[in-house]
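Bear in mind that the values in this text are calculations on the coordinates, not laboratory data. This structure is a prediction, so every number in the text was calculated from the model and none was measured. FYI the Cβ positions are ideal-geometry reconstructions off the backbone, even for glycines, and counts take in every protein chain you see.
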Amino acid sequence: MKDRLRLFPLVAIFFFQLLHIAYALQNAGNDQVESAERHTKHTIPVQAAPEDFQQPLHDGDETLKKSDGAEQVQKALASLRRFERTNPRPKRKTLGITGTITQYVWAMLPKISAQGPSSAGTEGTQPSKELPYPVAEAVKLLEEAADIKNSDAMFLLAQMNFYGNFSYPRNYSEAFRRYSQLASLNGNSSAQHMVGFMYATGIGGAVPRDQAKALLYHTFAAAGGNVRSEMTVAHRHHSGIGTVRNCESAVKHYKNVADKAVEWYRSGPPGGMAWVADSYRLADEDGGVYGEGASFSSSGSNANKQGPSSDAHAALDDVLEYLDLMSRKGDFKATFSLGRIHYDGQKGLPRNLKSARLYFMRVARLYWQKDGRAIESDKMELEKIASKAAGYLGRMFLRGEGLDQNFEKANTWFQRGIKSGDAGSQYFSGVMYLDGLGVPKNIPKATELFKASAKQDYAPAMVAMGALHLDQGGPEDMQVANRYFELAARYGNIESLYYLGEMINLGIGRDRSCGLATAYYKSVAEKAEPLVSSFAEANFEYEKGDMELALLDYIFAAEQGYEKGQANVAYLLDQQKSKWDLPTWLTMTAPRASFLQNSALALIYWTRSAKQTNIDSMVKMGDYYLHGIGTHSDMEKAAACYTAASEFHQSAQALFNLGWMHENGVGLDQDFHLAKRYYDHALETNDEAYLPVTLSLFKLRFRSAWNTFTHGRVNSIQDEPAPKKQWSFSEWIANFLQDDHPYYNDDYDDSNFLSDTDPMPGGDVDGFYEDTIAELDGLLESLIVVGLVASLVFLIYYRNQHQQAHRQGEAARVQAGAGPANGAAQEQQEDRGLFPQPGDPEFGQWAAGGVGH
């Protein structure tokens, strides 16, 4: 036993060494992946490839002279390409069970770091000996070419220092120097764009933030044709960043970007470009900025109302697996859904046209034979689903998507879909007749097909109908066109938004509105993501784990005015995701890099996102001002942010924070009663706030009771007075006759121990008898009330008529036999008026109802 105990330390040490070796082997592949991916970082031309981007590289141009550095650039490019060939990017492998356990165990072990500070953002260039030889040789050649004012070399060096291309370490100060050098040399718009970007953000500490200089450089770049800078300038004039707000300047720049976006969209195959939107908020993946149920984006009216067993909570892979299973069992609807998913693509799933064609063809073969004759089938809705599949197949043949472009086959499939009334087939067949694609050009026929498709609420067809009416130019046609465009805009159609912006900006068919035109042009510009944005690259780097490069790409989109980009930048920089900071070895996460610790920049983008109606960002602004994060503490601004977030959109988090501020007198007057009202309102807005609201109300009531007991100066909680019902006359009569409980409070004897709604136990009752009796009771009460009122009116009328007849008879007798002696008495009697006066002998009889009887 003692020998075993002696061996235990050796076994522990051996096991520890095995863990160390296993972790090293596991990370060896990851390190190779990271190093290979780092040297293939996307530069700006690869990220967006916009048409306006200036490509300063002149690879293969033999006319360049050696004296201008072209030879050095060519050799450097060859060296870099050789490095790429010898260091291909390996496929990333997911960690297995052993690798995951090893990673967690290794993360929990204490570590001793002997590394120096990060070199990112430092002055100077890293020593060449730390780089692979081909890269070091290329950098040396590029520096030689840059010294003799070669613009290609300057641009390559700037890109390598900014993005870390070809495993070169990032150095933002050196990148800024190279970009500035190139911008001053020949006014390169790409370099001007990058200089303006670095002045706007102060990224990496390379240069202090200067919004005026940022606007200046972006303006120069926009004048040189850089679409990203033009979009940035438009957003700055629209929001008043670095300049006063100017709607006319904003609409001018946004229109220029929208023109290029629509031109790019129409340059695609028939029907326009197709792409998968890459813009989304990172916080939504975690249930919102404050988590699931606490954030405005995932609570209240925005909460997922589906049950836990519904597919609303399922991941995309689970949905695809389920649809594939149902498709194998013969469910043609699931087969068609798989085809649509693969054809359209979505977040996390690129378009797969080959798979889409196979699924659509599988559905079509269930209904049509090879010769086009329909197959008799008893399956319900098969004809409808097959016609939709035919429309997609025709579209793929028409556009050449996953298939060779063939107008004849496209028309064949469209005609099959049109027979069953498929809207997509009608629209694309109309496109063929409108442009004469494989069929004779026939505008009336195209118009007929567009109209039939538009009646089914198909957005592209409504745009086509609007454009045809717009070409007519008449006042009535303008109104019809505007209506079609507005209907299509509900589905976010890019062309409909552009047409509406044009009509509003030019005042065609409606009054001109600069603000509304700007909003439409901005929507058009932001929809053309592959042309103007860097979301695809940012999402790729984020999923890969390179937060620094992902942040850079998100900032590009944020500076262009994308609200989702602004929210993502702020979310990545936000350090207040949890009330308590847990050690990294417990959370299994790496410590945040210094590059991501910039609270002041986070507040800037929370603010810009909030100005574009992001409610969670507005609440975050309040948190930053409340706690003094990234700025000095300002309770009034915090209260203003919470109030703005709670008034219209009803953020439960903002309401709760206002209640806390009123309870503690922070930034607002201390008022326990108002605090309770805000807490109650927060619970009414979001049911998931039950626990924090209940605990807060318990503490608040205790403080309020103590305040009342000690006669404190704070306004304590007061019971709300019960509202009194205002009875109508008929209700008052009915309650009076029924001798109801609210008046006589005689509910002490209630012998009815059975439910008023349940039938008699054991009775054969279907509910019809009770409903009939209830209806008769209500009708009887109404008749009684009406009868009483009518009787009262009749009695008053009868009494007046009887008194009038009696007075007329007395007057006639007086005139017939009384004579002059009774003249004075008669005159006195006539002056008494309609009723006897008090003191008259007849007053008592009149009061008792005896006069005239």
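The table below gives the values:
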| quantity | calculated |
| --- | --- |
| Listed pairs Lys409/Lys455; Lys75/Lys149; Lys329/Lys379; Lys260/Lys388 exceeding 24 Å between Cα atoms | Lys409/Lys455; Lys260/Lys388 |
| Proxy reagent accessibility, fewest Cβ within 10 Å first, across Asp371, Asp318 | Asp371, Asp318 |
| Region 455-483 residues near the modelled Lys441 label - backbone nitrogen below 16 Å, point 7 Å along Cα→Cβ | 468 |
| Per principal axis, descending, Cα span of region 408-563 in whole Å | 56, 44, 23 |
| Residue exposure sequence - Phe595, Phe397 - by fewest surrounding Cβ within 10 Å | Phe595, Phe397 |
| Above-threshold pairs, the threshold being 25 Å between Cα atoms, out of Lys347/Lys370; Lys255/Lys527; Lys255/Lys620; Lys333/Lys544; Lys637/Lys676 | Lys347/Lys370; Lys255/Lys620; Lys333/Lys544 |
| Burial ranking of peptide ranges 538-544, 652-658 (average Cβ count within 10 Å, highest at the top) | 652-658, 538-544 |
| Full-extension gain in nm, Trp706 to Ala315, via 0.36 nm per residue minus C-alpha separation | 135.6 nm |
| Neighbour-count ranking [beta-carbon atoms within 10 angstrom, fewest first] of Ile717, Ile148 | Ile148, Ile717 |
| Förster-model FRET efficiency, 35 Å R0, Leu216 and Lys544, C-beta, rounded to 0.05 | 0.50 |
| Over region 477-532, relative contact order from alpha-carbon pairs under 8 Å, at least 6 apart, % | 29 percent |
| Protection proxy ranking, peptides 237-243, 358-364, average beta carbon neighbours within 10 Å, highest first | 358-364, 237-243 |
